[in-house]
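Input: a single structure, listed below in structure tokens.
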Amino acid sequence: MKITFRHYNESDPIPLSYVSQIPAVSGIVSAVYDVRPGGVWSRESIAKIKENANRHNLSFEVVESVPVHEDIKLGKKSRIGYIDAYCENVRRLAEYGIKVICYNFMPVFDWLRSDLSYENPDGSRSLIYKQEQIDRLDPSKTKLSLPGWDESYTDDGLKALLSEYENVGHKELFENLSYFLRAVIPVCEDVGIKMAIHPDDPPRDVFGLPRIIKDEQTLDAMLSAYNSECNGITLCTGSLGADRKNDVPYLTEKYCRMNRTPFIHVRNIRLENECDFYETAHPTECGSLDIRRIMKILYDNGYDGYIRPDHGRMIWGETGKPGYGLYDRALGAMYLYGLWQGFGGFAKT
Ligand SMILES: [Mn+2]
């Protein structure tokens with residue numbers, strides 16, 4: 001496995017020199033963040049991320065994310081131009097040595113939490129999800145002030161977008177995803193890039209909007225929509241694990257053996273009630289997911305793709321981007337690597 005660390009370029013308070021000081025971390029996961037979804041990334045922007053990473057002895061081979069324009073998810077006529085732009089990004093990223101592109105297909109809302117800075121009993125702070133708080137919100141009526149929410153939508157823009165989704169159910173959204181894959185995956189095969197869809201987070205419908213990447217059945221359907229090793233999954237343990245019905249070690253083994261998980265996000269969560277969860281430190285005993293077992297499955301199956309510690313808590317007084325502080329993610333990287341070496345392996349660079 002290759003251990004990576006997500007980074008936000010100039011806007012990231014964590015210097016790349018600090019990232020390179022974490023043992024066994026060999027690369028960053030990043031993106032061009034200042035181009036709106038549907039736009040084409042300049043070669044200069046891509047080259048700059050790579051050069052900065054390389055200067056600190058870090059590789060840049062995984063992009064998270066190239067966002068998918070809403071018109072593609074909606075299946076509008078205008079998707080053709082946006083898909084062309086997407087394919088152009090794939091080609092350009094390949095020119096700079098990118099191997100994996102993480103993306104998601106969630107309508108309107110990306111990942112969702114009810115609190116980004118919940119104080120744990122030990123004083124650390126976590127992202128948490130409480131269904132009751134989410135249920136109280138109606139984005140078509142009330143002004144949303146959700147943590148992590150894209151503030152660039154105007155109230156009217158959001159209402160108009162939500163109304164466009166009234167005719168898009170699970171079936172239609174899946175058809176639009178299939179259409180997108182049929183256009184993009186052949187380009188990926190051509191240039192040697194693997195697409196890796198991130199599961200919906202949380203893995204269930206939100207605000208009446210359909211979500212279609214949430215469990216074994218939907219992951220299977222997505223993989224079958226275009227049968228290619230370039231059509232893969234970002235196996236995110238915390239996202240899939242937020243549904244108690246998902247057996248994450250089983251899913252890890254299944255998709256790893258199929259060679260359809262070029263990228264893995266590892267984090268732990270503590271489940272409460274049916275739907276609520278608290279993000280915790282990475283070790284198995286800190287949450288509801290058996291991270292040790294998941295890593296053992298990867299090890300036993302000879303996993304040689306990219307992995308990264310996913311969200312961490314805020315600890316030791318650190319302030320910064322919720323979920324993406326330095327300290328707890330560095331501990332997470334060390335935990336993952338410690339397990340790996342304990343099983344007998346070494347990190348690839
Ligand atoms: Mn994730």
Requested in this report: If a cysteine in the chain has no other Cys Cβ under 4.7 Å from its own Cβ, put it on the list, ordered by number.
Outcome: 87, 102, 236, 256, 275, 286
Report summary line: Among the Cα-Cα pairs of region 97-232, the proportion with separation greater than 17 Å, in percent, is 66 percent
Requested in this report: Could you list, in their original order, any pairs among 2/99; 50/73; 130/296; 76/159 whose Cα atoms are separated by more than 19 Å?
Outcome: 50/73; 130/296
Query raised in the report: Placing +1 at every Lys and Arg Cβ and -1 at every Asp and Glu Cβ, with all other atoms neutral, what dipole size does region 2-343 have around its Cα centre, in debye to the nearest 20?
Result: 620 debye
Query raised in the report: Which of the helices in the chain, when you take each full DSSP H run, stretch at least 20 Å along the axis at their Cα atoms and have an average Kyte-Doolittle score of -0.5 or higher?
Result: 79-95, 170-191, 327-343
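Roughly what % antiparallel, to the nearest 5, for the DSSP beta bridges in region 2-343? Spell out each step's value before the answer.
Working: 12 of 39 bridges.
Taking every DSSP beta bridge within region 2-343, about 30 percent pair in antiparallel fashion.
Got a sec? How would 185, 269 order by Cβ neighbour count within 10 Å, fewest to most?
Least crowded to most crowded, the residues run 185, 269.
From the helices alone, meaning DSSP H stretches of at least four residues, give me the mean residue ellipticity at 222 nm for the chain, per-run term -39500 (n - 2.57), in deg cm²/dmol to the nearest 500. The partial results should precede the final answer.
Numbers: 12 runs with 128 residues, N = 349.
About -11000 deg cm²/dmol.
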Requested in this report: Give the long-range amide H neighbours of residue 310: residues separated by 5 or more places, or on another chain, with amide H under 5 Å away, using H modelled in the peptide plane at 1.01 Å from N.
Outcome: 266, 267
Report summary line: Going fewest to most other Cβ atoms within 10 Å around each Cβ, 258, 314 line up as 258, 314
**Report entry** Label zone at residue 244, where the point sits 7 Å out along the Cα-to-Cβ direction: region 260-275 residues whose backbone N lies under 12 Å
**Finding:** 271-275
**Report entry** residue 95 versus residue 221: modelled label distance in nm, points set 7 Å from Cα along the beta carbon direction
**Finding:** 3.8 nm
Query raised in the report: From the phi of every residue in region 206-214, what ³J(HN,Hα) in whole Hz does the Karplus formula 6.51 cos²θ - 1.76 cosθ + 1.60 yield, where θ is phi - 60° and glycine or proline is x?
Result: 10, 6, x, 8, x, 10, 10, 10, 9
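Determine the dipole magnitude for region 225-349: charges of +1 sit on the beta-carbon of Lys and Arg, -1 on that of Asp and Glu, nothing else is charged, the reference point is the Cα centre, and the result goes in debye to the nearest 20. Please report the intermediate quantities before stating the final value.
Numbers: 15 positive and 15 negative charges, 56 e Å.
For region 225-349, the charge dipole is close to 260 debye.
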Query raised in the report: Using +1 on the beta carbon of Lys and Arg, -1 on that of Asp and Glu, and nothing else charged, what's the dipole of region 8-120 about the Cα centre, debye to 20?
Result: 420 debye
Report summary line: With label points set 7 Å from each Cα along the Cα-to-Cβ direction at residue 343 and residue 34, the distance between them in nm comes to 4.1 nm
Requested in this report: Write down, largest first, the equivalent ellipsoid semi-axes of the chain in whole Å, where each equals the square root of 5 times an eigenvalue of the alpha-carbon gyration tensor.
Outcome: 28, 25, 21
Query raised in the report: According to a simple spin-label model (label point 7 Å from Cα along Cα-to-Cβ), what is the distance in nm between residue 132 and residue 8?
Result: 3.0 nm
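In which sequence would 61, 51 go, from the one with the fewest C-beta neighbours within 10 Å to the one with the most? Walk me through the intermediate numbers first.
Details: 61 21, 51 11.
Listed from fewest to most nearby Cβ atoms, that is 51, 61.
If you average 1/r over every pair of different alpha-carbon atoms in region 290-349 and take one over that average, what Kirkwood value in Å do you get? Walk me through the numbers on the way to the answer.
Values: mean 1/r = 0.0801 Å⁻¹.
12.5 Å is the Kirkwood radius here.
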Report summary line: Dipole check, the chain, charges on Cβ (K,R +1; D,E -1), about Cα centroid: among 24, 90, 330 the Cα furthest to the positive pole belongs to 24
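Please give me, ordered by residue number, the trypsin sites (Lys or Arg not before Pro) of region 237-319 that lie in loop per DSSP and have at most 11 other Cβ atoms within 10 Å. All intermediate terms of the calculation are to be shown ahead of the outcome.
Details: sites: 244, 245, 254, 257, 260, 267, 270, 292, 293, 296, 313; in loops: 244, 245, 260, 267, 313.
Counting only loop positions with at most 11 other Cβ atoms within 10 Å, the trypsin sites (Lys or Arg not before Pro) in region 237-319 are 245.
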Report task. Would you pull out the residues with amide H under 5 Å of residue 115's amide H, same chain only if 5 or more places away, H placed 1.01 Å from N? Result -> 128, 130
Query raised in the report: Given the C-alpha centroids of region 159-221 and region 284-349, what is the distance between them in whole angstrom?
Result: 27 Å
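The numbers here are math on the coordinates, done by the rules we state, and not lab data. Bear in mind that the values here come from a model prediction, so they are computed numbers and not experimental data. Please note: Cβ atoms are built from the backbone with ideal geometry, for glycine as well, and neighbour counts cover all protein chains shown.
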